[in-house]
1. Residues of the range 96-114 being closer than 22 Å to Pro61 by Cβ, in a loop (DSSP other than H, G, I, E, B) and touching a residue at least 24 places away in the same chain (Cβ under 8 Å), which ones?
2. Take Ala163 and decide whether it is modelled with pLDDT under 85 and assigned to a loop (DSSP other than H, G, I, E, B).
3. If you scan the range 51-68, which residues turn out to be farther than 16 Å from Trp150 by Cβ and modelled with pLDDT of 90 or more?
4. Can you confirm whether Val133 is of a type in the set (A, V, I, L, M) and at pLDDT below 90?
5. Quick check, is Gly53 part of a loop (DSSP other than H, G, I, E, B) and more than 12 Å from Pro177 (Cα to Cα)?
6. Condition check: within 20 Å of Arg66 (Cβ to Cβ), of a type outside the set (Phe, Trp, Tyr) and at pLDDT below 85. Does Leu152 satisfy that?
7. Give the range 115-144 a look and list any residue that's of a type in the set (Asp, Glu) and touching a residue at least 40 places away in the same chain (Cβ under 8 Å), or say none.
8. Any chance you could count how many residues in the range 94-129 are at pLDDT 90 or above and crowded, with 17+ Cβ neighbours inside 10 Å?
Amino acid sequence: MKKLVMALFLAALVAAAPAQGKELLGAQLCGPNGCATQHSNSVLEGPGGAFGGPVAAPAKPGPWFRGYLLAGDHGKVVGKLLFYYVPGADQIVSPGRFGQVTAWTRPEGKLAKIIAALAKRVDPYAAPRLTQVTVNGVVADDPQSYLRLWTLDTKATGYPDGAGSQQVVFFSEPASP
């Protein structure tokens, strides 16, 4: 019996493929009428990661795409990593989740070329239309007027200290950058 168990164990070890690291296989951009996908046979990320470009101020509201980095193993896609792309500003944002910081960057290298090519193959969503805005949990009148916060064109000169700050939450359909 021990020999049978040992033989099965060794057979399982030999048959098991070595674990490979997940890799970026391509990208996908989606608009209201569908998606365009492009695969790549080479790594799409640089030393700073897929979105390792310089950090930028948030893009002003404009047409946009929902995008996905395609992650996989041996050419098979096993997951998608969400991002948004605003072509007018040539900026990407990866939404912060579970305590991650939301950061706007510019695509670089091979990934930038793939995203630019995909953007020519699908129509973008229109500029966001806010369906609701809350300020400190209270629904605000005229949610569209809050889009002006992105077009003030004044540079911040300090960091909010929390005194007198208010939480402003934006809602749009579909979810947008």
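1. Within the range 96-114, Arg106, Pro107 meet the criteria.
2. yes
3. Phe65, Arg66, Gly67, Tyr68, listed by residue number.
4. For Val133, the condition - of a type in the set (A, V, I, L, M) and at pLDDT below 90 - is not met.
5. In short, yes.
6. no
7. Answer for the range 115-144, where residues must be of a type in the set (Asp, Glu) and touching a residue at least 40 places away in the same chain (Cβ under 8 Å): just Asp123.
8. Matching residues across the range 94-129 total 7.
The values are calculated or read from the model by the stated rules, or taken from the named source; none is laboratory data. If you're wondering where the values come from, they're calculated on a predicted model, not measured in any experiment. All Cβ positions, glycine included, derive from the backbone under ideal geometry; neighbour counts span all protein chains shown.
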